[in-house]
Amino acid sequence: MTTRGFKTVGTAVRRVDADDKLSGRAQFTGDLEVAGMAFCKLVTSPLPHARITRVDASRARALPGVYAVLTAAELVNMETHYGSDKKDRPVIAIDKVRFQGEPVAAVAAVDLAIAEAAVELVDVEYEELPTVTGIDEALDGAGEPVHDSNFCHEYGYEWGDVDAAFRECDRVFEDTFEFPMVYHYAMEPHTCIASYEPDRIRLWTSAQHPFLVQAEIARLFGRQLDQVQVVVPYVGGGYGSKSYTKIEPLVTALSREAGRPVRLALSVDEAMRTVRRHAARGTIRTGVMNDGTIVARECTGYVDTGGYTDNGVRVTERFGDRMPGPYSLANVRVKTYGLFTNSTPAGSYRSIGGPQAIWVCESQIDVIAHALGMDPFEFRVKNLVREGEEVRRGRRPIEGDLEYALRRVADEFGWDSWTPGPTPPGVKRGIGFACGVTNSGASPTSTSLVRFHADGSATVYIGSAEMGQGSRSVMAQIAAEEMRIPYEKVRVVASDTTAVPWDRSTGSSRSTTLMGLAVHDAAVDIRTQVLDLAAEHFEAFPEEIEAEDGRASFKGETVAFAALVRNMFGGSGGELMGRGYVTPKHPSGKLRQDPVFWEVSIGAAEVEVDTATGEVRLLRYYSISDPGKAINPKQVEGQDEGAAMQAIGHTLFEEMLYEDGQLLNPNLVDYRVPVFTDLPHEFETVLIESGNGPGPYGAKGVGEGGIVCVAPATANAVFNATGVRISTLPLTPERVWRALHEAGQA
Amino acid sequence: MAEAQDTLAVAFELNGVPVEASVEPQTPLIDLLRERFGLTGTKRSCDVQVCGACTVLLDGAPVSSCTVPAFEVRGRAVLTVEGFAADESASPLIEAFVNNAAFQCGFCTPGMLLAAKSLLDADPAPSEDVIKDYMRGNVCRCTGYKKIVEAVHEASEAGR
């Protein structure tokens with residue numbers, strides 16, 4: 001066979017969900033009607049920390065139109081707690097509430113108006129407890145702890161001789177940086193319909209990990225996996241907020257009480273009390289030689305996981321994994337702690353622990369470069385981890401040439417030739433840089449099934465949830481490429497646990513790499529079977545046959561794949577099935593090491609600071625994306641740009657504000673997210689395709705890298721412009737103005 | 001139990017078709033569209049007129065259907081994404097969204113398309129700054145906005 005060029009891989013094909021999403025036909029969970037469905041409203045705790053002394057739902061239950069009220073008393077004949085690592089979250093509050101907004105009771109009624117009226121009739125009495133707000137109070141341990149203690153998780157690692165290195169180095173720097181609590185604002189707030197039935201449980205839900213929800217529901221209610229169906233329609237944005245299990249156990253338990261399907265659609269206010277990103281504090285001590293060589297880093301970090309663990313264990317670990325940065329370090333010591341506080345539970349958010357870790361790491365790198373009188377870019381390059389080197393001992397070595405990637409961004413940004421240019425009085429301009437590597441891919445476990453039909457079309461079955469990232473299109477591209485059929489002939493069925501084979505999750509930038517590999521293998525399985533049929537047909541060896549565009553040819557003769565399949569079954573019908581299994585022992589040998597891949601993040605920012613008002617304007621931002629191989633280049637850019645824009649939010653204005661355990665800004669008026677006018681005049685993704693990922697065609701994931709570097713690059717640019725270092729996000733005008741004022745710069 | 005409410009009869013034009021409905025005074029337009037007429041392309045998100053996901057066109061002008069009382073559409077013309085997309089004239093904007101990857105999860109997209117349509121109806125060749133300024137009432141959390149600006153530009157007279 002001659003070398004074959006790609007037909008659809010590498011092309012910005014028309015997304016398979018384009019017609020649904022551009023016509024209003026796309027159905028999200030909240031658009032579904034299930035016969036007999038009741039509507040749920042929640043009774044939530046007004047107090048952040050309290051013992052529940054009495055719940056009386058009798059008046060609510062007596063209201064005409066109310067089917068059921070769920071309280072802790074109804075959690076019988078089932079497991080009562082759930083959670084991805086620690087099962088510490090009750091299906092509904094039991095004896096105690098740990099954050100303001102925690103559900104204490106849930107009403108199912110004929111319609112929402114009656115459910116809302118019934119909520120007012122549920123009587124709950126509390127005994128208020130002292131509130132644990134923020135990292136300092138959690139560490140202080142005064143008052144009643146949130147759980148048995150305020151410590152959720154502890155993590156650490158070390159190599160080299162850190163103490164000796166600090167003794168022997170020329171200079172030691174120690175700096176602390178803070179990252180705020182932020183909210184994903186997936187525009188579709190969490191929505192779930194559950195139907196608890198005698199022989200099965202059915203759920204339609206806005207979940208990123210349908211199979212993990214299936215397993216959790218089966219465990220909670222004592223069912224077999226085959227008795228639990230989880231269907232995930234289109235998801236209106238995830239970014240981690242819909243990872244693992246959220247409202248599904250509560251809605252299922254309420255459906256059991258109500259004896260009918262129940263729908264719960266959260267409001268933005270309620271979604272902000274469902275999950276958020278971990279606030280964090282990181283302190284780094286760095287030992288350097290006068291020539292700019294970093295010899296040791298000691299990182300200590302705390303993340304605030306709120307009232308329950310949710311994904312706090314992994315976030316604590318990733319924060320620690322990512323904090324030392326992408327540098328060649330002979331001596332490292334890391335300790336990180338996850339802490340409980342009385343606030344919304346914190347879970348996954350796009351690059352868990354990543355923006356927090358790189359904010360700390362890369363802010364300090366600039367502090368050091370400035371103190372040594374070195375260009376911050378060259379200081380980074382000097383210390384960068386090299387290709388093939390283990391950036392974390394015992395883990396997968398760095399696959400690519402980071403220095404090349406850094407220089408590409410610097411060149412395209414114009415780092416060396418930049419000048420501030422003329423500015424109005426009181427306005428200062430500056431540039432900043434940041435880089436990081438994040439361990440991504442979660443667990444290398446996915447499966448896929450492909451059916452090749454008797455008319456030459458095919459259906460691909462994947463567990464990945466389509467939440468905007470475009471996985472359905474990418475999987476169709478991979479399947480079409482490997483089956484040697486046109487992209488338009490492939491349909492994708494996704495995220496219904498009774499129809500599609502198992503997948504671990506949709507997150508951690510993993511789907512193109514891991515589900516992509518499963519789909520690739522399933523499609524190759526089909527091709528192999530087709531070639532075997534063609535070999536029989538032509539009386540030739542399979543490797544002598546050319547396959548393209550749904551046809552097999554040999555010595556000038558051609559036969560359609562479809563005809564081969566029909567002939568195999570001796571009639572008009574029939575089909576082939578292909579399967580793909582992805583496990584750590586995948587025959588490619590590329591999935592044995594952790595992480596699945598290192599996701600590279602680089603950012604260069606130019607800002608303008610109005611010293612009179614403290615306003616920071618991001619004028620230009622350059623990011624990098626290395627998808628290994630861009631299967632759909634437009635979607636790769638879209639992932640990077642979207643991630644960077646979310647980061648502009650947490651860099652400049654997004655922050656969940658708590659006072660005494662009360663969330664002060666639980667709506668989009670007071671919690672501002674980026675809008676069109678926040679788009680920098682230059683907002684560029686530098687796309688490089690290093691071809692070294694473990695996925696199909698050397699692909700690796702890209703969904704998270706873009707969110708990591710915006711904050712440190714921007715704060716470094718503010719420093720470059722003003723000489724003032726700001727160590728707490730977001731860079732609000734007030735915070736910047738105060739910092740400038742204190743430094744005598746305002 | 002909620003007391004029985006007086007209902008109001010509302011006759012209006014919905015996606016070019018005359019329709020009638022009876023609504024309670026506090027019913028927002030989005031509920032009328034989604035629940036009475038099954039037009040679920042109009043999305044509910046922030047509920048406070050910030051995000052634009054529930055945008056529909058009322059006599060050609062964008063409004064947030066989460067905060068417009070349903071009775072206010074009496075005698076007027078409402079266009080939802082379903083009506084917009086069914087019309088051939090929508091094709092350049094829709095194709096521009098496809099070509100520029102101007103949508104991801106699709107939750108903001110119905111409102112985004114209608115806001116862009118009303119802009120292009122009023123100003124067939126808007127500058128980038130005009131696009132950003134006009135569209136700032138529509139939030140997208142996925143794309144980062146750049147590709148939507150590019151799509152609207154491509155669909156405008158300046159981009160063709």
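The values are calculated or read from the model by the stated rules, or taken from the named source; none is laboratory data. From a predicted model like this one, the values you see are computed outputs, not experimental measurements. Because the Cβ atoms are built from the backbone with ideal geometry, glycine has one as well, and the counts that use them run over all protein chains shown.
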Residue count, the range B:51-69, condition surrounded by fewer than 23 Cβ atoms within 10 Å (Cβ to Cβ) and among the β-branched types (V, I, T), comes to 3
Here the residues within the range A:414-429 that are more than 20 Å from A:F377 (Cα to Cα), β-branched (V, I, T) and part of a loop (DSSP other than H, G, I, E, B) are A:T423
*Mind checking whether some residue in the range B:55-76 is within 9 Å of another protein chain (Cβ to nearest Cβ) and either within 30 Å of A:L264 (Cβ to Cβ) or among the small types (G, A, S) (or both)?*
no
Within the range A:449-487, residues being within 14 Å of another protein chain (Cβ to nearest Cβ) and acidic (D, E) number 1
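Considering each of B:A2, B:A11, B:A96 in turn, give the residue that is assigned to a strand (DSSP E or B) and either modelled with pLDDT under 95 or more than 9 Å from chain A (Cβ to nearest Cβ) (or both).
Among B:A2, B:A11, B:A96, only B:A11 is assigned to a strand (DSSP E or B) and either modelled with pLDDT under 95 or more than 9 Å from chain A (Cβ to nearest Cβ) (or both).
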Of those in the range B:101-160 that are at the interface with another protein chain (Cβ under 7 Å from one of its Cβ atoms) and among the small types (G, A, S), the residue surrounded by the fewest Cβ atoms within 10 Å (Cβ to Cβ) is B:A101
Next item on the list: Would you confirm whether any residue within the range A:671-679 is in contact with a His (Cβ under 8 Å, 6 or more places away or on another chain), crowded, with 21+ Cβ neighbours inside 10 Å, touching a residue at least 24 places away in the same chain (Cβ under 8 Å) and assigned by TED's automatic domain parsing to the domain that holds A:S343?
Entry: no
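Considering each residue of the range A:1-54, count those that are away from chain B (no Cβ under 12 Å), basic (K, R) and within 20 Å of A:A494 (Cβ to Cβ), and give that number.
0
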Residue set A:P501, A:P542; condition without any contact (Cβ under 8 Å) to a residue 40 or more places away in the chain and either over 26 Å from A:A699 (Cβ atoms) or surrounded by fewer than 21 Cβ atoms within 10 Å (Cβ to Cβ) (or both); output residue A:P542
Scanning the range A:596-626 residue by residue, those within 14 Å of chain B (Cβ to nearest Cβ) and either under 23 Å from the mean Cα position of the chain (by Cα) or on the phi > 0 side of the Ramachandran plot (or both) turn out to be A:G603, A:Y621, A:Y622, A:S623, A:S625
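Inspect all residues belonging to the range A:460-480 and state whether any of them is more than 30 Å from A:E615 (Cβ to Cβ), touching a Cys at 6+ places or on another chain (Cβ under 6 Å) and small (G, A, S). Before you say what the answer is, go through the steps one by one.
Taking the range A:460-480 as the starting set, the residues that turn out to be more than 30 Å from A:E615 (Cβ to Cβ) are A:460-480.
Subsequent filtering for residues that are touching a Cys at 6+ places or on another chain (Cβ under 6 Å) retains A:467-468.
Applying the additional criterion that residues be small (G, A, S) yields A:468.
Yes, some residue in the range A:460-480 is more than 30 Å from A:E615 (Cβ to Cβ), touching a Cys at 6+ places or on another chain (Cβ under 6 Å) and small (G, A, S).
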request  = Evaluate the following for A:R281: is it under 22 Å from B:S45 (Cβ atoms) and under 28 Å from the mean Cα position of the chain (by Cα)?
outcome  = no
- Task: Report whether or not A:G5 is surrounded by fewer than 17 Cβ atoms within 10 Å (Cβ to Cβ) and over 30 Å from A:P542 (Cα atoms).
- Result: no
Being out of contact with any Pro (no Cβ under 6 Å at 6 or more places or on another chain), under 18 Å from A:P345 (Cα atoms) and within 14 Å of another protein chain (Cβ to nearest Cβ) narrows A:K246, A:K242 down to just A:K242
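Report yes if B:V48 is away from every other protein chain (no Cβ under 11 Å) and surrounded by fewer than 23 Cβ atoms within 10 Å (Cβ to Cβ), otherwise no. Explain how you work it out, then say what you get.
On the way: away from every other protein chain (no Cβ under 11 Å): no; surrounded by fewer than 23 Cβ atoms within 10 Å (Cβ to Cβ): yes.
No; evaluated as a whole, the condition is false for this residue.
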Here the residues within the range A:1-42 that are under 30 Å from A:E482 (Cβ atoms), of a type in the set (K, R) and either in contact with an Asp or Glu (Cβ under 8 Å, 6 or more places away or on another chain) or at pLDDT below 95 (or both) are A:R4, A:K7, A:R25
Picked from the range A:644-675 (must be aromatic (F, W, Y) and in a loop (DSSP other than H, G, I, E, B)), the residue nearest to the other protein chains (Cβ to nearest Cβ) is A:Y671
Residues of the range A:68-98 being touching a Lys or Arg at 6+ places or on another chain (Cβ under 7 Å) and under 21 Å from A:Y126 (Cα atoms), in sequence order, are A:V69, A:D95, A:K96
When A:V55 is run through (1) under 25 Å from A:A207 (Cα atoms); (2) touching a Ser or Thr at 6+ places or on another chain (Cβ under 6 Å), the failure sits at (1)
If we keep only residues of the range A:147-192 that are among the β-branched types (V, I, T) and either without any contact (Cβ under 8 Å) to a residue 12 or more places away in the chain or within 14 Å of chain B (Cβ to nearest Cβ) (or both), then the residue farthest from A:G134 (Cα to Cα) is A:T191
